Each structure stands twice: as structure tokens, then as C-alpha cells.
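Bear in mind these aren't lab numbers, they're just calculated from the coordinates by the rules spelled out. It should be emphasised that the depicted structure is a prediction, and the values quoted were computed from it without experimental measurement. With ideal geometry, Cβ positions are generated from the backbone for all residues, glycine too; neighbour counts draw on all protein chains shown.
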Amino acid sequence: MLSFRLSPLLFAILVTIVLAWAGAAAQARKQLIAHRGASGYAPEHTAAAYRLAMEQHAEFVEPDLAVTKDGVLICLHDDALKRTTNAAEVFPQREPWLANDFTLEEIKRLDAGSWFKPAFAGQRIQTFQEAIDLVRGKAGLYPELKSPELYRSRHVDQVKLFVDVIRKNGLDKPESLKTTPVIIQSFDEEAVRRVAKELPSIPRVLLVERDGDVSEPRLRVIKTFATGVAPEKSLVAQHPEMVKQAHALGLTVTCWTFRADEKTTFASVRDEMAHFLYDLGIDALFTNNPDQFPRR
Ligand code: G3P
Ligand code: CA
């Protein structure tokens with residue numbers, strides 16, 4: 001029978017090679033999430049912004065999700081329509097223009113592009129379903145359940161609407177997750193806990209505001225219902241030790257939001273992103289400028 005023993009030196013060399021390979025693989029897994037699409041260059045949450053994000057090689061496109069009066073999930077950051085559409089002009093009597101007070105048919109009449117640049121006139125607010133159809137098979141989806149407390153106060157079951165769309169599209173199936181990964185996010189712990197129960201195969205991330213708690217005891221609690229934590233970037237800069245603590249618990253760390261038009265102490269947004277990814281060791285980030293994401 002053939003047998004051999006590794007010399008200590010050969011063993012050490014093999015271990016070094018494996019660790020180097022694992023390190024490189026871990027770096028290769030850094031993930032780029034296009035914040036509201038490529039929203040530095042095209043009006044947020046429009047098809048134009050999502051398409052450009054994919055052209056700029058985003059691993060994930062981020063739809064923020066609001067609910068219309070007739071119970072349809074749409075891609076919209078604010079609770080109201082005013083900032084990113086001409087709602088005030090088309091419906092002057094309907095202040096404060098909450099999306100939840102408008103039907104999908106009404107919302108589809110709005111121009112969601114002109115406010116950003118005249119060249120984008122005629123871009124529409126997309127439904128979540130339209131975003132899925134656009135992105136599926138080409139990139140992942142990183143939907144955020146926006147303002148769950150607002151919908152609870154209006155007796156609108158936003159989480160159920162979300163779960164139904166995910167199930168109807170089979171996005172929670174392991175074979176689908178391989179080609180179109182989905183990760184859900186929310187600031188609202190109750191919403192994340194519910195998704196954990198309803199859609200256990202889908203990774204879920206708790207967003208944490210800049211004054212939030214990322215202490216080790218709190219991370220232990222987050223680990224009981226989430227697969228990752230997403231602190232505002234200044235919180236990680238203040239508490240860099242939290243990255244290793246989260247990783248030790250098996251939580252991913254994702255930061256937001258990196259913008260080329262924001263003044264920071266870094267020479268460029270690319271340098272800022274590189275610091276968080278490769279010096280502080282976070283796993284992923286949200287940026288308005290996917291083309292500036294530093295690959296290594
Ligand atoms: O969801 C991550 C980040 O997008 C949170 O900020 O306000 O842009 O949704 P916001
Ligand atoms: Ca968001």
C-alpha cells in the first residue's frame with residue numbers, strides 16, 4: 001500500500017498556499033450594491049438607473065420598496081412622491097403626495113426622470129415586479145422594506161406583499177438564488193424578524209443608523225434573526241473593531257452610502273471605498289457610483 005508523510009516544511013508551505021488562496025477568495029467576494037441603481041448618473045430607481053448599474057458591473061441593484069394605495073410594491077426611496085417626480089404639478093391638490101395615497105395607475109402617469117436631468121424625461125416609477133423582470137439573471141436584488149412603521153399604522157401588510165412577490169417569482173428557491181441572489185434589508189427589526197420566519201432561505205440584513213448600537217452584545221442579538229448588519233459608514237469608522245466581532249459571529253458587514261459628490265477626508269470616493277473594504281475589512285457597500293468601486 002502506498003503511503004507518504006508530509007515533512008513539516010511541506011506542510012507549512014501547503015498551509016500558506018491554502019490561506020493565501022482563501023484570503024484572495026474572501027477579497028474576491030467583496031460586493032458592490034448599486035444604491036437606488038447607478039443613482040449618481042441617472043434618476044434613482046428608474047429603469048435607466050438599474051440598467052446602468054448592471055452595465056457598471058454591480059453585483060446587486062437596490063430597490064427601496066413603498067406600497068401604493070392599491071397594494072402594489074413600487075421602487076421609491078421617499079414615502080412621498082414629490083422629490084423625485086412631478087406629482088405636485090400633476091396632482092396639485094394631493095399634498096403631501098404620499099405614495100400610499102395614490103394608485104399605481106396614477107403613479108404611472110408621473111415623470112420620474114426630468115427632476116434629475118431633462119434627458120431622462122419620461123422615465124417612470126417601476127413596480128418591484130418590473131425591477132425583478134429587468135434584473136433577474138443579470139444581477140442580484142437587494143430590496144429594502146422602507147418605513148414599515150408607516151404601513152403598520154395604516155394597516156397595510158407590506159411584509160406580506162413582499163413575501164408574496166418573492167414566492168410568486170420563485171426567488172426564494174435555491175436554484176434561483178444561485179443566478180439571482182436576493183438579500184433583504186430594513187432598519188425595522190420587526191420586519192426583518194418576520195422575513196426570517198417567512199423566507200428563511202433569503203439572507204437578511206439589519207440597517208443601523210449612525211448613532212446606533214454595534215456593540216458585541218447587540219451583534220449577538222442581531223445574529224439571532226439576521227445574517228448581516230449594515231451600519232452607516234461613520235459608525236464603522238468609529239468602531240472598526242465591530243467588523244471582526246461581527247465576522248466572528250458569522251454576520252456580514254455592509255456599509256452605506258458612498259457618493260462621489262460627498263466631501264470627505266479621502267481624495268476620492270474610490271479611495272474611501274477601498275479603505276472600508278480592504279483596511280477595515282467590510283464585505284460589501286452601497287454606492288451611487290458603481291463605476292468607482294475598487295476591485296482587487
Ligand atoms: O439601504 C441602505 C441605504 O440605502 C440606507 O439609506 O436612506 O438611502 O435608503 P437610504
Ligand atoms: Ca435603501
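With the requirement that a residue be surrounded by fewer than 18 Cβ atoms within 10 Å (Cβ to Cβ) and either under 22 Å from D133 (Cα atoms) or in contact with a Gly (Cβ under 9 Å, 6 or more places away or on another chain) (or both), what does segment 73-103 give you?
The one that is surrounded by fewer than 18 Cβ atoms within 10 Å (Cβ to Cβ) and either under 22 Å from D133 (Cα atoms) or in contact with a Gly (Cβ under 9 Å, 6 or more places away or on another chain) (or both): T103.
Looking only at segment 207-224, how many residues end up being outside any loop (DSSP other than H, G, I, E, B) and free of Cβ contacts under 8 Å to residues at least 40 places away in the same chain?
We begin by selecting, within segment 207-224, every residue outside any loop (DSSP other than H, G, I, E, B); these are 207-208, 216-222.
Now drop any that are not free of Cβ contacts under 8 Å to residues at least 40 places away in the same chain, which leaves 208, 216-222.
Of the residues in that region, 8 qualify.
Against the conditions (1) over 16 Å from R29 (Cα atoms); (2) more than 16 Å from ligand 1 (Cβ to nearest atom); (3) surrounded by fewer than 23 Cβ atoms within 10 Å (Cβ to Cβ), where does G281 fall short? Just the number, please.
(1)
Might you let me know whether segment 222-231 holds any residue that is within 16 Å of ligand 1 (Cβ to nearest atom), over 30 Å from N169 (Cβ atoms) and among the aliphatic types (A, V, I, L, M)?
no
Would you tally the residues in segment 243-273 being within 20 Å of G228 (Cα to Cα) and not charged (D, E, K, R)?
Going through segment 243-273, the residues within 20 Å of G228 (Cα to Cα) turn out to be 243-258, 273.
Within this subset, residues satisfying the condition of being not charged (D, E, K, R) are 243, 245-258, 273.
So the count comes out to 16.
Looking only at segment 261-278, count every residue that is of a type in the set (A, V, I, L, M), under 22 Å from A53 (Cβ atoms) and more than 15 Å from ligand 1 (Cβ to nearest atom) and tell me the total.
The total comes to 3.
Assuming A49 fulfils every condition listed in (1) outside any loop (DSSP other than H, G, I, E, B); (2) crowded, with 21+ Cβ neighbours inside 10 Å; (3) touching a residue at least 24 places away in the same chain (Cβ under 8 Å) apart from one, which condition is it?
(3)
Among the residues that make up segment 183-195, is at least one of them closer than 18 Å to V61 by Cβ, away from ligand 2 (no atom under 16 Å from the Cβ) and over 17 Å from the mean Cα position of the chain (by Cα)?
First pass over segment 183-195, keeping only residues closer than 18 Å to V61 by Cβ: 183-186.
So of that shortlist, the ones also away from ligand 2 (no atom under 16 Å from the Cβ) come out as none.
The answer is no; no qualifying residue exists.
Please determine, by comparing only the residues of segment 61-72 that are crowded, with 23+ Cβ neighbours inside 10 Å and either within 13 Å of the chain's Cα centre (by Cα) or not β-branched (V, I, T) (or both), which one is nearest to ligand 2 (Cβ to nearest atom).
Checking each candidate, the answer is E62.
Name every residue in segment 177-190 that is outside any helix (DSSP H, G or I) and within 30 Å of D213 (Cα to Cα), in order of residue number. Spell out the reasoning first.
So the first thing to find is which residues in segment 177-190 are outside any helix (DSSP H, G or I), and the list is 180-188.
Correct list: P181, V182, I183, I184, Q185, S186, F187, D188.
Looking only at segment 196-206, how many residues end up being part of a strand (DSSP E or B) and either away from ligand 2 (no atom under 15 Å from the Cβ) or hydrophobic (A, V, I, L, M, F, W, C) (or both)? Even if it seems obvious, please write down each step before you answer.
First pass over segment 196-206, keeping only residues part of a strand (DSSP E or B): 204-206.
Remaining after also requiring either away from ligand 2 (no atom under 15 Å from the Cβ) or hydrophobic (A, V, I, L, M, F, W, C) (or both): 205-206.
Final tally of qualifying residues: 2.
Could you tell me which numbered condition A230 fails, if it satisfies all but one of (1) more than 16 Å from ligand 2 (Cβ to nearest atom); (2) within 20 Å of the chain's Cα centre (by Cα); (3) small (G, A, S)?
All conditions are met except number (1).
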